[in-house]
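One structure is given below, encoded as structure tokens.
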Amino acid sequence: MAFVDQAQIEVKAGKGGDGIVSFRHEKFVAMGGPFGGDGGHGGSIIFKVDEGLRTLMDFRYNRHFKAQPGGNGGTKGMTGASADNRVVKVPQGTTVSDADTGEVLADMLENGQELVVAKGGRGGRGNIHFATPANPAPELSENGEPGQIRNLKLELKVLADVGLVGFPSAGKSTLLSVVSNAKPKVAAYHFTTLSPNIGMVRLDDDRDFVMADLPGLIEGASQGIGLGFQFLRHVERTKVILHLIDMSGIEGTDPYTQYRKILDELQQYDETILNRPQIVVPTKMDMPDSEENLAKFRKEVATDSGLPIQPEIVPISSITRDGVKDLMRLTADMLATAPAPESYRPETKNDTSEKSYTFKPETHDFTVEWIADEERWLLSGAEIEKLFLMTNIQRDATIMRFARQLRHMGVDDKLREAGAKDGDDVRINNSDFVFEFSE
């Protein structure tokens, strides 16, 4: 299965059921009164973490998720059936954000964790709720509330204890295949891993940890060059970093130059990454010039005053297995004391300053504009549009109630200020509903 770590989808929760207008007509029940029931709640869209998933592949071809609406109310005050919530499974490590605002909604890290990403609409009220002493037999009811609609961005960041980083063909895939049960692609020619490979490493002393072979890094990755962020985002979740460097010199590149380039890319992407425990792993030590290159590399690292900390250097050969066991034991020791990746984020201090509370008059956000092509006014605003959708325009009583609500919100005054005259047409945005402005 292809590895997909980014997706953008649309979720639409279910609309609430409509309330109804009904009256009692039983024998021997004088002045029966209103008896219309409420609509049921619409279904919500819920994300749930499934530890068995490893990719966002399911979201590549299915980009629209919709929940069912609630049932309409019934006579005898009966409430309509509420729709079932739709549960959508996502892999561990998925970050969910609003694609329109950029707001991060949640990091889905724990197996079984749930997140309501789109809330279902509440059911509309039946006329049983609108009875008053002044109007004991109301012909009023509400339509169901619209379900929430959202565009979401999903981003998967691999959950692994240890991340292998380095230039392409530094030996990351080979090391992972040697120390774990993973079977990444390994070849004798120059290529780079295109997606993370994950394996479980088990030591002789019963310790174990998850290791990820991350896609190869090139210069400029922090600006999106090459695989860019597709590689770097996965480093954020790891506790310990193994920085693999090819010591053979076959490619004609200087190991120390490669080492500094990768450190620079990591720091430009996220400077907190360099604060994590890190082991520098010179690889391909079975090659002829590796020992000489390693000695030179050690001197250059020891005299580099720009490094955050002097790293542990553990040379290995994945082919002969020299140094591999020592490397795994040291990695396990570091993991035992390594803090969680989230701890490297700067803490947000609570605001302990005194707060004053003052009365704020109720405000309603809407706009009024003249549409010359239609020769009418256009009334826009999320609150007004939602109120209209919950209005049963088939009944005069509910239309009059809608008119009173608009007047209370200040719509009449706003139209008058904008220059509306008696008899002008006004259209509600996103609908064909038109009413006549009256002084």
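The values are calculated or read from the model by the stated rules, or taken from the named source; none is laboratory data. Note that the structure is a prediction, hence the values are computed from the model and not measured. Virtual Cβ from ideal backbone geometry, glycine too; neighbours counted across all protein chains shown. Accessible surface is based on the protein model in full, side chains and every heavy atom, while ligands, DNA and RNA are left aside. Shrake-Rupley method; radii C 1.70, N 1.55, O 1.52, S 1.80 Å.
Could you check, for segment 211-231, whether at least one of its residues is at pLDDT below 85, hydroxyl-bearing (Ser, Thr, Tyr), in contact with a Phe, Trp or Tyr (Cβ under 6 Å, 6 or more places away or on another chain) and open to solvent by 10 Å² or more (accessible area, probe 1.4 Å)? Before you say what the answer is, go through the steps one by one.
First, pick out the residues of segment 211-231 that are at pLDDT below 85: 212-231.
Remaining after also requiring hydroxyl-bearing (Ser, Thr, Tyr): 222.
In the following step, the residues that additionally are in contact with a Phe, Trp or Tyr (Cβ under 6 Å, 6 or more places away or on another chain) were identified as 222.
Subsequent filtering for residues that are open to solvent by 10 Å² or more (accessible area, probe 1.4 Å) retains 222.
Yes, segment 211-231 has at least one match.
Which residues, taken from segment 279-308, are closer than 20 Å to residue 211 by Cα and open to solvent by 20 Å² or more (accessible area, probe 1.4 Å)?
284, the sole residue that qualifies.
Evaluate segment 418-427: report whether one residue or more is in a helix (DSSP H, G or I) and modelled with pLDDT of 90 or more.
If we filter segment 418-427 for residues that are in a helix (DSSP H, G or I), which is where we start, we get 418.
Still in the running and modelled with pLDDT of 90 or more: 418.
Yes, there is a match, as at least one residue in segment 418-427 is in a helix (DSSP H, G or I) and modelled with pLDDT of 90 or more.
What is the one condition in (1) modelled with pLDDT under 80; (2) in contact with a helix residue (DSSP H, G or I) (Cβ under 9 Å, 6 or more places away or on another chain) that residue 188 does not satisfy?
Unmet for residue 188, out of (1) modelled with pLDDT under 80; (2) in contact with a helix residue (DSSP H, G or I) (Cβ under 9 Å, 6 or more places away or on another chain): (2).
Test each condition in (1) under 26 Å from residue 197 (Cα atoms); (2) open to solvent by 20 Å² or more (accessible area, probe 1.4 Å); (3) part of a loop (DSSP other than H, G, I, E, B); (4) of a type outside the set (Val, Ile, Thr) for residue 82 and report the one that comes out false.
(1)
Condition test on residue 329, is it at pLDDT 90 or above, open to solvent by 40 Å² or more (accessible area, probe 1.4 Å) and either of a type outside the set (Asp, Glu) or within 19 Å of residue 158 (Cα to Cα) (or both)?
Details: at pLDDT 90 or above: yes; open to solvent by 40 Å² or more (accessible area, probe 1.4 Å): yes; either of a type outside the set (Asp, Glu) or within 19 Å of residue 158 (Cα to Cα) (or both): yes.
Yes, satisfied.
I'd like to check something: does segment 49-67 contain any residue that is closer than 30 Å to residue 140 by Cα and in contact (Cβ under 8 Å) with a residue 24 or more places away in the chain?
As a first pass, look at segment 49-67 and keep what is closer than 30 Å to residue 140 by Cα: 66-67.
Keeping just the survivors that are in contact (Cβ under 8 Å) with a residue 24 or more places away in the chain gives 66-67.
Yes, that holds for at least one residue.
May I ask you to list the residues in segment 26-45 that are part of a loop (DSSP other than H, G, I, E, B), more than 30 Å from residue 12 (Cβ to Cβ) and modelled with pLDDT of 90 or more?
35
So which residues in segment 374-401 are within 18 Å of residue 430 (Cβ to Cβ) and not in a helix (DSSP H, G or I), if there are any at all?
374, 376, 377, 378, 379, 380, 381, 390, 391, 392, 393 - these are the residues of segment 374-401 that are within 18 Å of residue 430 (Cβ to Cβ) and not in a helix (DSSP H, G or I).
Only residues that are touching a residue at least 40 places away in the same chain (Cβ under 8 Å) and within 24 Å of residue 137 (Cα to Cα): list them for segment 397-415, please. Even if it seems obvious, please write down each step before you answer.
Looking only at segment 397-415, we keep the residues that are touching a residue at least 40 places away in the same chain (Cβ under 8 Å), and these are 397-398, 401, 409-411, 414-415.
Result: 397, 398, 401.
Looking only at residues that are outside any loop (DSSP other than H, G, I, E, B) and acidic (Asp, Glu) in segment 248-278, which one is least open to solvent (accessible area, probe 1.4 Å)?
265
Going by what's in this entry, would residue 136 be described as buried (at least 22 other Cβ atoms within 10 Å of the Cβ) and over 12 Å from the mean Cα position of the chain (by Cα)?
no
From the list 367, 391, which one is at pLDDT 90 or above and open to solvent by 60 Å² or more (accessible area, probe 1.4 Å)?
Within the list 367, 391, the selection yields 367.
Determine the pairs where a residue that is assigned to a helix (DSSP H, G or I), located within segment 290-302, has a partner that is of a type in the set (A, V, I, L, M, F, W, C) and at pLDDT below 90 with Cβ atoms under 8 Å apart, the partner being 6 or more residues away or on another chain.
From segment 290-302, the pairs are 301/307.
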